[in-house]
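Visitor: Got a structure for you, questions after.
Throughout, read-outs are computed from the coordinates displayed, never taken from laboratory work. Not measured: the values here are computed from a predicted model. When we count neighbours, we look across all protein chains shown, and the Cβ atoms used for this are built from the backbone with ideal geometry, even at glycine.
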Amino acid sequence: MKQTFDNYPKRVSQDFYESARDHIVSYYAQNTDIVSIYEYGSVSSPGVSDLDMILVLKNEVNSKEHELEFSNIGSDVNSLVVDGTVMKMPESVFSKLNYFDSFNLIKLLGKEILVEEINEEDRPFLEIISITDWLPERILRLTRALNNKAINISNVLCILHSFSYSIKKINKLTKDTHNSERILNLIQSLRNEWHSIEKPEEMLQSCIRDSISLGYRYIDIFEEYLLGKHIFDNSQGNNLDDIHLELFNNHFLLFTAKHKDSSLEEIGLSASNSDNAFVSVPSFFYPHFYYLSSRKGILSRVMRSKINPYKELSTESISDKYKKVLKNKIELAEANAQFLKINDFKRGLIRYGFHFSY
């Protein structure tokens, strides 16, 4: 299939982003619902990078959701803050942000809020949870890009950047780069030097294909690493096959038992087309997603409804330390979801937003 390309990287400098921050602060300065505004990412590639923003709000908000949208500020600002990256939460959730992941926080407006440090004993488990949550989803989005008629260049470059984080996390855990340097360097070059590369569109298509292959290889590496850590009792998960979890519309995790005749990559790519995208994941990882779906609340209930067929497991198959950190993460996400629901917001969940629906 011959693909077309759109949303090319902008030719802008850091000044463009600084101006956008000034406009954001000016727009919200008089809004009494705002406790603070924090930026939680970094602009590593001007013209490609988004501005990732968190609105810390009072528990009961008078503003309507549309009044808090960055689209009200202007097209330049809105172009840097794509749907899904403007997060909304109360101070009680923001103060525990480190229970979700590690964030580079910069206050732009309002109150300075102390964010609790997590127990150092919990940090390795949080890293493993982050990889399990994100790596299959990144491969899934790249698979969709490969099957789309048009490639949204800036969006795909952001996905590749996030994908590279998971690869680097696994490299750090395993103390090995596993020959990932070429693709990681290519991703960085495409993000930073797009306008000086000859035929960058072709390089991007090749990078997408190679990153999908690398991602599947890293799923195997990650599984091997976890087997040595005894996080999951694989006697349960490994016997499951052909279970679907729809993360979002027509995008599925496909939990797969080990096959001798087909690789994970072959299974995932052969199942995917322009209508549906699949990432094939070893059923070894099913207990992680099952545990998330087994909790109380909006997010777990919706996730349960999206697993087909729904196979119950004993949560005793998950190590207690891993389970504790995963429990903290989903319960904090649920607190964020309840805040959004109470204030009649439909978007803005910091994690597990795929499953936020009420």
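Visitor: When segment 304-334 is examined, which residues are found to be in contact with a strand residue (DSSP E or B) (Cβ under 8 Å, 6 or more places away or on another chain) and among the charged types (D, E, K, R)?
Guide: Matches in segment 304-334: 306, 311.
Visitor: Sort out for me the helices (runs of 4 or more DSSP H) sitting completely within segment 6-113 that have 1 or more residues that are surrounded by fewer than 16 Cβ atoms within 10 Å (Cβ to Cβ) and more than 23 Å from the chain's Cα centre (by Cα).
Guide: 14-28, 75-80
Visitor: Select from segment 238-255 the residues that are touching a strand residue (DSSP E or B) at 6+ places or on another chain (Cβ under 9 Å) and over 19 Å from residue 303 (Cβ atoms) and list them in ascending order.
Guide: 238, 241
Visitor: Quick one: residue 328 ticks every box in (1) touching a residue at least 60 places away in the same chain (Cβ under 8 Å); (2) within 30 Å of residue 149 (Cα to Cα); (3) surrounded by fewer than 20 Cβ atoms within 10 Å (Cβ to Cβ); (4) not β-branched (Val, Ile, Thr) bar one, so which box is it?
Guide: (2)
Visitor: If you don't mind, another one. Pick from 164, 130: which is in a helix (DSSP H, G or I), out of contact with any helix residue (DSSP H, G or I) (no Cβ under 6 Å at 6 or more places or on another chain) and either buried (at least 19 other Cβ atoms within 10 Å of the Cβ) or in contact (Cβ under 8 Å) with a residue 12 or more places away in the chain (or both)?
Guide: 130 is the lone residue from the list that is in a helix (DSSP H, G or I), out of contact with any helix residue (DSSP H, G or I) (no Cβ under 6 Å at 6 or more places or on another chain) and either buried (at least 19 other Cβ atoms within 10 Å of the Cβ) or in contact (Cβ under 8 Å) with a residue 12 or more places away in the chain (or both).
Visitor: Of the residues 305, 293, 319, 283, only one is of a type in the set (S, T, N, Q) and more than 28 Å from residue 147 (Cβ to Cβ); which?
Guide: After applying the criteria, what remains is 319.
Visitor: Just wondering, is there one or more residues in segment 255-267 that are among the hydrophobic types (A, V, I, L, M, F, W, C), closer than 30 Å to residue 49 by Cα and in contact (Cβ under 8 Å) with a residue 12 or more places away in the chain?
Guide: No; the residues of segment 255-267 include none that is among the hydrophobic types (A, V, I, L, M, F, W, C), closer than 30 Å to residue 49 by Cα and in contact (Cβ under 8 Å) with a residue 12 or more places away in the chain.
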